[in-house]
Amino acid sequence: MRPITSRRQFLAQSGATAAGALLGRPQAAGQNRTPPRAEVAVISHHGPEHPLLKSMVSQLLENGIYFETNEEHNLRSALPDELGGYKALLFDEPALAEVLSQTPQRVRLEEYVRNGGFVFEIEYPLEGGTRHGVNPNLLIDLVASNRAYDMIAHAGLTRFHPEMKRRLLAYPASRMLADLKLELLASLKQTNSWGEYTLHDWKAAKALLDTGQHNDMRPALAASIRQASAHMPPPAYADRVAGYFGTAWLFDETKERGPLDQARANLDEILARRPREMGVLCHGGFADDPLGLEITGQPGAVFEASSTTVRRKVFWTESLHFHAPALAAISRATGDPKYLDEAVRMIDHVSRRHSRPDGLLAHCTREGKPIAPNWGRGQTHALYGMLYTLEEMPKEHPAFQRIVARIRRVGEGLRHNQDQETGLWRNVIDSRSARLESSASIGITYVYGRCLREGWLDRKDFEPMLKRSWEGLRRLYWRRGVAANCRGTATGIDEAYYIARPQGWARMPHLVLATLEMQRLFG
């Protein structure tokens, strides 16, 4: 990955129209405005669905860079007919190789650079693949981020360009939801594992169904739950139980007991064998299987799946997110209060031990003492767990209002740390050095939107916050996913760990939840 130009002064923007330039929405009658030329043209042979280009676009969207695309969220595959006005041209490796192999095109590119233009190339770093267990997105995002910031600095690109904002907000939210629904339906058909996204996909499908306008989700959701339940794994750690609420939903709909009974048996095994810290269930492992050999089946595998080992001292908010919905739903479906009691115990633990004076939550504690900063997605892990518990418990339960009060208190801290320019939140909520981040912003928008709709919180307190965050999220949407997503994070002990995490494009069924709530609140 290398720039192949020298330093230049900024180009004056040209009003010329290039073939294939960014398509905007039709101008209103009488409007005589000529939109400015995009500052960056992205020329790709890999195409917009390639993970490298999705990550590269994510970096541009995160910074609000005005790059050339169209209403279908496509990218160029060839050099523009007119190069004047672009501050930078970004090629993937095969696209640049083709241009340089053709003398007339190469001459045009040389002239563009002589006149002050910048040319950048981004290379795919994973041609040889990655080692099993390594997240390839981590490396891709690092490469794309490096290229994006290099372009911004050297080409003098405008961050948060007003024309890019206008065009992104012109993409209809209804079309965005339709895109996301198609992606969700495809994912439901391919349910072949059990993990965090089992919960996210099924919650999104149920939310669509609950509107009364998406009845095609009912058979798709039921089939997905049946398919996953036929291969329900041992409850080695919290992610493996995340979707158990779905078995309770299936029982409500069809009276099928098999998946529900298996989920309940697994929860009973957790209650009997999962280690505890300060009386609260830990994230994973069994106390009588400290190396996790029963789960992994071989000694070497424990180092590839360390969450199956016993972790006693540290409690992280993911545990609340993934355990609590399962416990609360199975409690409601079976009428056994012991499961709900466990969920409430977790919520009370987070409220007491993770809370900071401003209401924000530490991502994790060790022996009840905070050891990590206010990670953005760490807030929403806790908030999702609280909200999904409220969904399953009667309002007269003595803990109901206590949980609502905790959500309100966290919201006060979030409201005071919202980025005023974009409406988003940062990867470390109260750190100005942290990057703006989408998964936390989606979760906050959804949870507080849902609480307003239910009447649990006052609209006057949180409606302005949500209007700003919804606008910010729409500016990050791209091809059935969202930009600026923090890559999977374990537990850190300082801000540097979280700030250093790469960010990129991700499929986010959570955005279905946020979109539905914003439509209900604001139309």
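The values are calculated or read from the model by the stated rules, or taken from the named source; none is laboratory data. Keep in mind that this is a model prediction, so the values were computed, not measured. Cβ placement follows ideal geometry from the backbone for every residue including glycine, while neighbour counts extend to all protein chains displayed. Heavy atoms of the whole protein, side chains included, go into the accessibility calculation; ligands, DNA and RNA do not. Shrake-Rupley method; radii C 1.70, N 1.55, O 1.52, S 1.80 Å.
Remarks
- Accessible surface, per residue, of the chain when the full set of protein chains is kept, probe 1.4 Å, Å²: 40 Å²
- Table column - 3J(HN,Hα) (Hz), segment 479-487, Karplus curve with 6.51, -1.76, 1.60, x for Gly and Pro: 6, 6, x, 9, 7, 6, 9, 5, 5
- For segment 408-446, the list of GluC sites (Glu not before Pro) that fall in a loop by DSSP and count at most 16 other C-beta atoms within 10 angstrom reads 421.
- Segment residue 215-residue 397, extension gain: residue separation times 0.36 nm, minus the distance between their alpha carbons: 62.4 nm
- Fraction of accessible area attributable to carbon and sulfur, segment 178-242 (%, probe 1.4 Å): 50 percent
- Under 30 Å of direct C-alpha separation, and excluding same-chain neighbours fewer than eight residues apart, residue 181 reaches these lysines: 54, 165, 189, 203, 206, 255, 467.
- Put a plus charge on the Cβ of each Lys and Arg, a minus charge on the Cβ of each Asp and Glu, and nothing anywhere else: the dipole of segment 375-488 about its Cα centre is then about 340 debye.
- Spatially proximal aspartates and glutamates relative to residue 338 (Cα-Cα < 15 Å; intrachain offsets below 8 disregarded): 268, 269, 392
- For the peptides 488-497, 98-107, the ranking by packing is 488-497, 98-107, with the highest mean count of neighbouring Cβ atoms within 10 Å listed first.
- Each DSSP beta bridge with both residues in the chain is either parallel or antiparallel, and the antiparallel ones are about 65%.
- The packing ranking, built from the mean of other Cβ atoms within 10 Å per residue, places the peptides 338-351, 371-384, 447-460 in the order 371-384, 338-351, 447-460, highest first.
- Close amide H contacts of residue 37 (hydrogens built in the peptide plane, cut-off under 5 Å, sequence separation of 5 or more or a different chain): 14.
- Estimated 222 nm signal from helices in the chain, with DSSP H stretches of n ≥ 4 weighted -39500 (n - 2.57), rounded to 500: -15500 deg cm²/dmol
- Farthest toward the positive end of the dipole of the chain, out of 51, 103, 425, is the Cα of 425, where the dipole comes from beta carbon charges about the Cα centre.
- Positive dipole terminus of segment 435-523, leading residue within 496, 506, 439 (C-beta point charges): 506
- Contact order relative to length of the chain, as percent, for alpha carbon pairs under 8 angstrom and 6 or more apart: 14 percent
- Span from the segment 82-98 Cα centroid across to the segment 307-378 one, whole angstrom: 49 Å
- Accessible surface ranking that places the most exposed of 142, 320 first, with a 1.4 angstrom probe: 142, 320
- Alpha-carbon spread of the chain, three principal axes, descending order, Å: 74, 57, 46
- Here residue 87 is the anchor, and the aspartates and glutamates within straight C-alpha reach of less than 20 Å, apart from those fewer than 8 places off in the same chain, are 39, 62, 68, 110, 111, 121, 150, 163.
- Segment 314-466 - percent of accessible surface contributed by carbon and sulfur, probe 1.4 Å: 45 percent
- Between residue 121 and 2, 4, 91, the built amide H atoms are under 5 Å apart, and every one of these is 5 or more places off in sequence or on another chain.
- 5 angstrom amide H check on residue 364, placed H, neighbours 5+ away: 371, 372
- Two tests apply to each whole DSSP H helix in the chain, Cα reach of 20 Å or more along its axis and mean Kyte-Doolittle hydropathy of at least 0.0, and the ones passing both are 136-155, 173-189, 317-334, 438-454.
- Chymotrypsin sites (Phe, Trp or Tyr not before Pro) restricted to segment 101-201 and DSSP loop, no more than 16 other C-beta within 10 Å: 160
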